[in-house]
Every structure is written in C-alpha cells, then in structure tokens.
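Let me begin by presenting the structure, written as structure tokens, before commenting on it.
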Amino acid sequence: MSQTNSNVSFLERLESVVETYKLNINALQKTQLLDYLEQLNKWNKTYNLTAIRDQEQALIQHLFDSLSIVHPFKKYFQTREIAQPCIMDVGSGGGLPGVILAITLPEASVICVDAVEKKIAFIKNVAGVLQLRKLRALHTRVEELPEAGMDIVTSRAFASLKDFAILSGKHVSINGQLVAMKGKKPTQEISELDDTDWVVKNIETLMVPELDAERCLVWMQRKG
C-alpha cells in the first residue's frame, strides 16, 4: 500500500483500534488488513461488492466492526484448547468477517460461503494476493453444502437468527457454536428460536471505536 497521508492516518487509527481490542497482531497482519481494505474499495468500483463506497466509512463499518469479534473468538478457542480452529463465514459478501478472521487468526482454517459469484471471486483473489493459505471461498448456498463440522459458524448481516440456525446449523460440530454479529439485541429474533434446535447461550456487547451504533455478538448452541 502506498504511503499517502490518508493511509498513514488509517494505519495509526488501525493500531489504536488493535490496542483497544487487545489484539496480538504483527506489522504484516496490519498491512494485510489495510491491503484488504484497498482491494475491497478497488473491486467495489466495478463489481458492487458492498453498499459502502467511501473508504473512510469502510475502514470503520467494515474493518473496525469485523475486528471487534477477533478477541472473543480467540478467547473461545483458547478456553476450549482448540489449536487449529475451523470457521465458516456464511453470506460472507466481500469477506466480512471471514477475511479479517483469516488475517488475524492465521492458525484457523476459514471458509467463506456466498451465493454471489463475483463476491467469491473477490475473496479468492484476496486470498492469493495476501497469501492467506488457510482461506477458502465457496460459491454456493450454505444449505446445499454437506455437513462441515466447524468449530464456529458465523455471519454478519446474513439472516434472522432463526434462518441462520436452520440453514447453517448442520455445519457446526457437536460442541461448536453458531455466532451471529448483530446490531441491537435482537429480542424478537431470539424468541423465534423456539422453533429450532438452537438456543442463545450468551449475548456479548461489542464496542466498536469510531462507530456510533450498537453492536453485539450472539452465541448459540444446540438445545440439550
């Protein structure tokens, strides 16, 4: 990434957010995060990967927002002594949060799933450019995949909790978790889970620097 004043500012702000989140990532990973953002903005001009086209807003609403789940995920894996975790990102779009997890949790195998071919083409390109060897991208509908045995299946603005559980639950290992990124606490969506095999285990509040909006992480496990 070229060192313009804007990019230096982005790096300084990224470093501040990394410190706030207590993330142990190195200089290469920080560069990869900013390079990913640059690639996303570049491709977005032609392929309409996300609705956010302003690079400033993308930094906050995409990068900082996705980084907010890294520490909770890492803590979960450490607590359960999962050394090489497997994560699936459903409805990944432009790779959010899947690519961010692949960069910041290099020990993890990450699969991004999306039904839109151009978005998967972008993620595959990013995996090559950033040399993310444990990142895969699949162009398909998640319900059409065979059971995947993931430690965590996650989503960001993919569907309601009920639909997420019904469509993606089969891909979670016996002791794994469904984890949904949400805005405000989705009280109505939680009540709709009564019709599924899943129950909310924990709702974790996320504080995203520079973002004036509520965020939470909804952890779900199988009933019983």
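The values are calculated or read from the model by the stated rules, or taken from the named source; none is laboratory data. Every value quoted in this text rests on a predicted model; they were computed, and no experiment measured them. Heads up, the Cβs are rebuilt from the backbone with ideal geometry, glycines too, and the neighbour counts pull from every protein chain shown.
Of the residues making up the stretch 40-56, those that are assigned to a loop (DSSP other than H, G, I, E, B) and either crowded, with 18+ Cβ neighbours inside 10 Å or not hydrophobic (A, V, I, L, M, F, W, C) (or both) number 5. Exactly one residue out of LYS75, LYS22, LYS30 is basic (Lys, Arg), modelled with pLDDT of 95 or more and not in a helix (DSSP H, G or I), and it is LYS22.
Residue count for the stretch 190-224, restricted to those that are out of contact with any Ser or Thr (no Cβ under 6 Å at 6 or more places or on another chain), of a type outside the set (Lys, Arg) and assigned to a strand (DSSP E or B): 12. You will find that of ILE166, ILE100, ILE111, the residue that is within 26 Å of VAL17 (Cα to Cα), among the β-branched types (Val, Ile, Thr) and without any contact (Cβ under 8 Å) to a residue 60 or more places away in the chain is ILE111 and no other. Quick check on SER155: is it of a type in the set (S, T, N, Q) and closer than 16 Å to ASP89 by Cβ? Considered against the rule, which asks whether it is of a type in the set (S, T, N, Q) and closer than 16 Å to ASP89 by Cβ, SER155 comes out as yes. So for the stretch 142-162 (the condition being under 17 Å from the mean Cα position of the chain (by Cα), modelled with pLDDT under 95 and exposed (fewer than 14 other Cβ atoms within 10 Å of the Cβ)), does at least one residue qualify? Checking the stretch 142-162: at least one residue is under 17 Å from the mean Cα position of the chain (by Cα), modelled with pLDDT under 95 and exposed (fewer than 14 other Cβ atoms within 10 Å of the Cβ).
In the set LEU135, LEU59, LEU37, LEU105, only one residue is buried (at least 19 other Cβ atoms within 10 Å of the Cβ), without any contact (Cβ under 8 Å) to a residue 40 or more places away in the chain and over 27 Å from VAL172 (Cβ atoms); that residue is LEU37. Taking the criterion of being in a helix (DSSP H, G or I), under 24 Å from GLN84 (Cα atoms) and touching a Gly at 6+ places or on another chain (Cβ under 8 Å), the residues of the stretch 122-167 that qualify are ILE123, VAL126, VAL142.
Against the numbered list (1) part of a helix (DSSP H, G or I); (2) farther than 17 Å from ALA102 by Cα; (3) within 19 Å of the chain's Cα centre (by Cα), LEU37 comes up short only at (2).
With respect to the conditions (1) among the hydrophobic types (A, V, I, L, M, F, W, C); (2) within 18 Å of ARG156 (Cβ to Cβ); (3) touching a strand residue (DSSP E or B) at 6+ places or on another chain (Cβ under 8 Å), ILE52 falls short on a single one, namely (3). The residues on offer are LYS118, LYS134, LYS124, and the sole one that is among the basic types (Lys, Arg) and out of contact with any helix residue (DSSP H, G or I) (no Cβ under 8 Å at 6 or more places or on another chain) is LYS124.
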